[in-house]
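What follows is a set of notes on a single structure, which appears directly below.
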């Protein structure tokens, strides 16, 4: 079975500070190119690693255009939720998220701790598990010797620090910690890597579009990965990408070139904290910590939605 692996998309109609182009259209172009690549390669499934959207409050236009594009190619994406997809960075608010709208439209399928199964033939089965932001890695029903187990996870796993002192899980250590997963596909960390340990693989396809003028973004080449479960071979296919000078305003870059570590820290902080905590976010966090019932959560969620619409 061939799998199309897609990184953080961060769909939004709001252009980042330094982008000069039509950012949303650029995202759509790359997304459509990715789907075409997967189709041409004969991929059976498309797996996406979370942060499908840049904000839990993206416009209806963004959601409708993405749904239309997926329906055009008659594909469904299997994914997890990143912190940018959900209100208050809490999966308890998923029902009120743009990702839930896509799932209701039949365009995506959220994968969780209950495995999603596909046949690999008469004697073999593929199991896909998901870990959305803030969730624990699920325990597999079978070992990777019995089934081909895949984990899609949105967690900060990376092969190099983006700024000094960054808390980062090492990819190989992650594979060692969870030995029953044959393939781990991860997001949140925006830069591509592929690492292998004892015939098991961990892959981050990298962010779909460059967002900032940090050193890492300017060097990043957006791509998708095609993975073959039979051969365990990963193929990186780079997407069409214009030179940085054409899409970024670099006029102030020279002022801070000697502080690359500081710049990387600031830019990554901006990205990770793009949604400021509001009183609503704090309320959601309190509900989660107090382990309130779903009924209470739904009542409060309904009230918040009414406040927003009035």
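With neighbour counts taken as other beta-carbon atoms within 10 Å, the residues 109, 211, 30 rank, fewest first, as 109, 30, 211.
If you sort the three axes of the alpha carbon gyration tensor as a ≥ b ≥ c, you get a/c under 1.5 for region 2-242, which makes it rounded. Relative contact order of region 2-242: 21 percent, from C-alpha pairs under 8 Å at least 6 residues apart in sequence. Each of 201, 244 was scored by other Cβ atoms within 10 Å of its Cβ. Arranged with the fewest first, they read 244, 201. Quick one: grab the alpha carbon gyration tensor of region 1-120, order the square roots of its eigenvalues as a ≥ b ≥ c, and give me rounded if a/c is under 1.5, else prolate or oblate depending on whether a/b is larger than b/c. Cα axes put region 1-120 in the oblate bin. Neighbour counting of Cβ atoms within 10 Å sorts the residues 236, 185, 80, fewest neighbours leading, into 236, 185, 80. Shape class of region 154-244 from the Cα gyration tensor (axes a ≥ b ≥ c, square roots of the eigenvalues): oblate, since a/c reaches 1.5 or more and a/b does not exceed b/c.
For the pair region 122-144 / region 49-114, the C-alpha centres are spaced 20 Å from each other.
Any read-out appearing in this document is the output of simple, stated calculations on the displayed coordinates, not a laboratory observation. Here the structure is a predicted model, which is why all the values come from computation and not from measurement. Glycine gets a Cβ as well: all are built from the backbone with ideal geometry, and neighbour counts include every protein chain shown.
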